[in-house]
Every structure is written in structure tokens, then in C-alpha cells.
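The values are calculated or read from the model by the stated rules, or taken from the named source; none is laboratory data. As the structure is a prediction and not an experimental result, all values here were calculated from the model. Cβ placement follows ideal geometry from the backbone for every residue including glycine, while neighbour counts extend to all protein chains displayed.
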There are 2 protein chains.
Amino acid sequence: MERYRDIGLKLTPQRLAILEFLDGNTSHPSAEDIYNAVKEKFPTMSFATVYNTLETLRKRGLLLELNIDPERKRYDPNIEPHHHMICLRCKKVVDVHFEFDIKIPAEQLKDFHLLGNHIEFYGICPDCR
Amino acid sequence: MERYRDIGLKLTPQRLAILEFLDGNTSHPSAEDIYNAVKEKFPTMSFATVYNTLETLRKRGLLLELNIDPERKRYDPNIEPHHHMICLRCKKVVDVHFEFDIKIPAEQLKDFHLLGNHIEFYGICPDCR
DNA sequence: GTTACTGCAAAGCTTTTGCATCCCT
DNA sequence: AGGGATGCAAAAGCTTTGCAGTAAC
């Protein structure tokens with residue numbers, strides 16, 4: 001956790017609680033999920049603090065903002081490149097740690113300069129079958 | 001256009017204008033883009049009508065709702081499975097019509113029943129280079 | 001004539017912002 | 001002590017909804 005202070009972040013108790021909740025979390029929580037979780041420790045916690053902290057972390061490259069849910073932003077503390085499997089029924093999102101070798105044919109690529117990719121897999125999870 | 005009536009949709013002038021704007025459109029417009037475009041023909045056009053029509057089309061599988069933009073929903077009249085290339089600078093979205101052979105290793109797949117996938121490619125488009 | 005659609009306005013959600021206060025360093 | 005963070009409330013932006021009037025079938 002000291003590494004946060006090293007990059008110029010003030011380690012307030014609220015932030016520590018948010019960081020602790022996010023650390024190793026693979027549930028891809030929304031801002032509200034985070035707010036609800038941390039509010040138990042800090043009843044005065046506000047959405048502003050949650051959003052401010054998330055934005056601060058994102059700007060420093062310590063957090064990813066995911067577009068996998070059309071209704072709200074989801075956050076992922078795992079900044080390693082990876083993909084996601086989404087259950088169409090319960091909306092659960094599972095990480096897929098595997099590097100796929102996908103190459104776009106040159107005639108489609110034109111002069112686009114590729115920097116990365118993200119795959120969303122859709123299906124039905126074991127629990128929903 | 002008659003096919004819309006065949007599936008039980010009333011062909012109002014407003015709807016025809018929306019359908020005409022969407023037909024063959026590869027710009028992945030937002031609801032506001034569609035509203036602005038159609039408002040020129042129908043100054044009384046309301047967002048309610050745009051959203052109602054989009055939702056009606058989506059429910060009938062005639063339109064895709066895209067999650068590629070965290071700020072707003074984008075719509076795609078091309079319902080053929082395809083992927084997207086997104087310019088990180090100008091946010092332009094280009095279709096990628098190519099089927100990639102991607103298989104998730106069994107130990108990652110678990111008992112997830114896969115139904116489809118969508119790849120977002122990130123990079124810089126020729127215009128922005 | 002029925003039924004579904006339109007358009008306005010209001011409301012609902014998520015996210016952002018202004019600002020006074022607070023507290024980490 | 002100083003500068004950034006917190007928390008409240010208000011506002012902003014996108015999307016949905018209620019409802020009365022209207023038009024397609």
C-alpha cells in the first residue's frame with residue numbers, strides 16, 4: 001500500500017478502504033458496489049469520494065474502466081491485459097487470462113495503428129445452466 | 001421497408017425517417033446523433049420517439065446496442081456478427097468484417113456455454129496519425 | 001374503431017462539480 | 001502550514017416513463 005504514497009497520493013482512511021476493497025477483487029464492481037461496500041466502514045462516505053478516488057487511480061493507470069455493462073461503468077483493479085466472459089442471464093463477468101493471436105487482414109486494417117484489443121465473450125455461465 | 005410492417009410495426013413517417021437514416025449507416029450513431037439527423041425532417045421529433053423506436057427495433061433483433069462508448073449507447077443497424085476498431089484519439093469506430101478463430105482453453109472456459117464474442121481493437125486511425 | 005405511436009414534460013439514474021471543511025504529509 | 005481530500009448538495013447528461021392526443025391499420 002505504501003506504493004500509493006510513493007506516487008503522491010494521500011493515504012486517507014477512506015482511500016485505504018477503497019483500495020483494500022479493490023485489491024484482488026475480480027467482481028468488476030460498479031461505483032455503487034464500491035460505495036456500498038466501503039460505506040459499512042465509513043457511514044459518511046460519499047459518492048464524490050468514490051468517484052474522485054476511482055478517477056485518480058484511473059489517471060495513474062492503476063485501475064481500468066470497463067465498458068462491459070451498458071447501464072453503468074464497471075471497474076477492474078487488474079490492469080494486466082485480459083478478456084472477459086459475460087453471462088447473458090445473470091450478467092456475471094469472469095476474467096479470461098489468455099493471449100489470443102488475432103491479426104486483422106491488411107485490407108481491413110488500412111493504416112490503422114493497432115495498440116491493443118479486448119474480447120468480450122458472451123454465453124451462459126455454469127450457475128445459470 | 002415493407003418487411004417492418006410485416007412484423008407488426010406501424011410505419012409512421014417518423015419511423016421511416018429513422019429507418020432510412022439507419023439503413024446502411026456505419027457511423028455507429030448515438031441516440032442524439034439520430035435525433036439530430038431526423039429532426040431536420042421532423043422538427044417536432046422527440047427523444048421519446050427515437051428511444052422508443054430504437055428499443056422496438058432492438059427487441060426485434062433488427063438493431064444492435066453497442067457498449068463501445070462509456071458515455072452513451074451507440075447503435076448499429078448491421079446485425080451481422082462483426083468487430084470494431086476504435087480510434088483512441090478521435091473516437092471513430094470502424095467495422096471489422098472478419099471472423100477470428102478464437103478458442104478459450106478448456107481450463108479457463110470451465111462449463112461456460114459460449115454463444116458469441118465481440119472484439120474491440122484500440123489504436124490510432126489514419127486520419128489522426 | 002382499435003391499437004399503437006408521438007411528443008411533451010417530468011422523473012430516474014449515473015456521474016460530475018462547487019465549495020466549505022478537514023486532515024494527511 | 002499547505003495542499004490535497006472529504007462530504008454534502010446541487011447540477012448535468014443520458015435514458016425512461018406517464019399520459020393525452022393522434023395517426024396507422
| request: Give the residues of the stretch A:1-57 that are within 27 Å of A:Val96 (Cβ to Cβ), part of a helix (DSSP H, G or I), of a type in the set (D, E, K, R) and more than 13 Å from DNA strand C (Cβ to nearest atom), sorted by residue number. | output: A:Glu20
| Within the set of pairs 6 or more residues apart or between chains, which connect a residue that is in contact (Cβ under 8 Å) with a residue 12 or more places away in the chain inside the stretch A:2-22 to a residue that is basic (Lys, Arg) and more than 8 Å from DNA strand D (Cβ to nearest atom) with Cβ atoms less than 8 Å apart? | A:Ile7/A:Arg60; A:Leu9/A:Arg60; A:Ala17/A:Lys41
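So that you can scan it fast, the table gives a plain yes or no per residue for (1) outside the structural domain of B:Leu11 (by TED's automatic domain parsing); (2) touching a residue at least 40 places away in the same chain (Cβ under 8 Å); (3) more than 15 Å from B:Arg15 (Cα to Cα):
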{"residue": "B:His28", "(1), (2), (3)": "no, yes, yes"}
{"residue": "B:Lys41", "(1), (2), (3)": "no, no, no"}
{"residue": "B:Lys59", "(1), (2), (3)": "no, no, yes"}
{"residue": "B:Asn67", "(1), (2), (3)": "no, no, yes"}
{"residue": "B:Arg72", "(1), (2), (3)": "no, yes, yes"}
{"residue": "B:Lys92", "(1), (2), (3)": "yes, no, yes"}
{"residue": "B:Phe100", "(1), (2), (3)": "yes, no, yes"}
{"residue": "B:Lys103", "(1), (2), (3)": "yes, no, yes"}
{"residue": "B:Ala106", "(1), (2), (3)": "yes, no, yes"}
| Do the conditions hold for A:Leu62, that is, is it more than 11 Å from chain B (Cβ to nearest Cβ), within 14 Å of DNA strand C (Cβ to nearest atom) and surrounded by 15 or more Cβ atoms within 10 Å (Cβ to Cβ)? | no
| field | Count of the stretch A:1-38 residues which are within 9 Å of DNA strand D (Cβ to nearest atom), farther than 15 Å from A:Leu57 by Cα and loosely packed, with under 13 Cβ neighbours inside 10 Å | value | 1
| query | Which ones in the stretch A:93-129 are more than 7 Å from chain B (Cβ to nearest Cβ), assigned to a strand (DSSP E or B) and surrounded by fewer than 18 Cβ atoms within 10 Å (Cβ to Cβ)? | reply | A:Asp95
| Does A:Asn52 qualify as being in contact with a Pro (Cβ under 9 Å, 6 or more places away or on another chain) and either among the aromatic types (Phe, Trp, Tyr) or within 13 Å of DNA strand D (Cβ to nearest atom) (or both)? | no
| query | What are the residues in the stretch A:70-92 that are facing chain B (nearest Cβ under 9 Å) and assigned to a loop (DSSP other than H, G, I, E, B), if any? | reply | A:Pro70, A:Lys73, A:Leu88
